[in-house]
Amino acid sequence: MNRENIVRWLAAAAASAALVTLTAGCGTDTGGGTGAGGTPEGWGTLRTTALTVAHPPGFTPRGAAERGEHNAAAATLTEGGEDVGMITVQLDFTRADSAEEAAIGAEAGVALGSTLGKQSGIEVTGPGGTKEEARRVDFEFTRKGSRVKGVIVAGIDTAKKAYAVRIDAVEGKLGDGDLRRILGSLTLT
């Protein structure tokens with residue numbers, strides 16, 4: 001195992017342990033995430049000090065007490081009293097000097113046993129419509145017998161701090177078009 005893989009494994013193990021405690025109970029991607037920013041008609045917006053991201057109308061924003069101390073913003077999709085989809089934003093969650101380092105830190109928050117895809121480079125909308133580098137990581141895991149698919153977009157915001165936007169949903173609950181619109185709406189402030 002090379003040094004990078006060891007560091008990734010150790011970071012993933014530590015973050016997964018912290019996540020379980022808190023929640024107990026290379027290439028370039030030319031699609032998804034390279035939109036012009038903004039909120040699609042009829043959608044809501046999660047706003048933080050560093051970025052905004054749109055959410056489909058079925059998602060309900062969560063207040064500070066409902067979303068956990070490490071999330072700057074969150075919205076959930078609920079069916080039958082169960083959360084079947086979630087969008088979360090974390091800010092300044094790790095020390096990172098690049099989008100790749102921020103993505104490695106964000107990967108550490110994905111549960112052990114998940115299948116992680118490779119990081120791919122994408123662009124998100126920055127201030128004034130500029131294009132800013134970010135990294136996308138797709139992942140999958142099984143929860144309560146249901147397959148969950150997720151995406152993390154991580155990068156460095158305008159204050160030079162790491163951010164991560166995580167979108168995950170039970171398979172079939174969030175269409176590819178909606179996922180593309182969420183990723184395309186991501187705008188740094």
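The values are calculated or read from the model by the stated rules, or taken from the named source; none is laboratory data. All of these numbers come straight from a predicted model, not from anything done at the bench. Positions of Cβ are generated from backbone atoms using ideal geometry, with glycine treated the same way; all protein chains shown enter the neighbour counts. Accessible surface is based on the protein model in full, side chains and every heavy atom, while ligands, DNA and RNA are left aside. Shrake-Rupley method; radii C 1.70, N 1.55, O 1.52, S 1.80 Å.
Computed quantities for the displayed model
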item: Candidates Arg181, Arg143, Arg166, Arg136, filtered to the one that is under 19 Å from Ala111 (Cα atoms), open to solvent by 70 Å² or more (accessible area, probe 1.4 Å) and charged (D, E, K, R); result: Arg143
item: Residue count, segment 130-189 (criterion: of a type in the set (Lys, Arg) and assigned to a strand (DSSP E or B)); result: 7
item: Residue, modelled with the lowest pLDDT, within segment 60-92, restricted to residues that are of a type in the set (Gly, Ala, Ser) and at positive phi; result: Gly68
item: Members of segment 85-108 found to be open to solvent by 20 Å² or more (accessible area, probe 1.4 Å) and farther than 17 Å from Lys161 by Cα, listed by number; result: Met86
item: The lone exception for Thr39 - which of (1) open to solvent by 60 Å² or more (accessible area, probe 1.4 Å); (2) touching a strand residue (DSSP E or B) at 6+ places or on another chain (Cβ under 7 Å); (3) modelled with pLDDT under 95; (4) farther than 26 Å from Gly172 by Cα it fails; result: (4)
item: Which listed residue, of Val170, Val84, Val89, Val148, is within 19 Å of Thr48 (Cα to Cα) and in contact with a strand residue (DSSP E or B) (Cβ under 9 Å, 6 or more places away or on another chain); result: Val89
item: Index of the failed condition, Glu123 passing every other in (1) closer than 20 Å to Pro40 by Cβ; (2) acidic (Asp, Glu); (3) crowded, with 21+ Cβ neighbours inside 10 Å; result: (3)
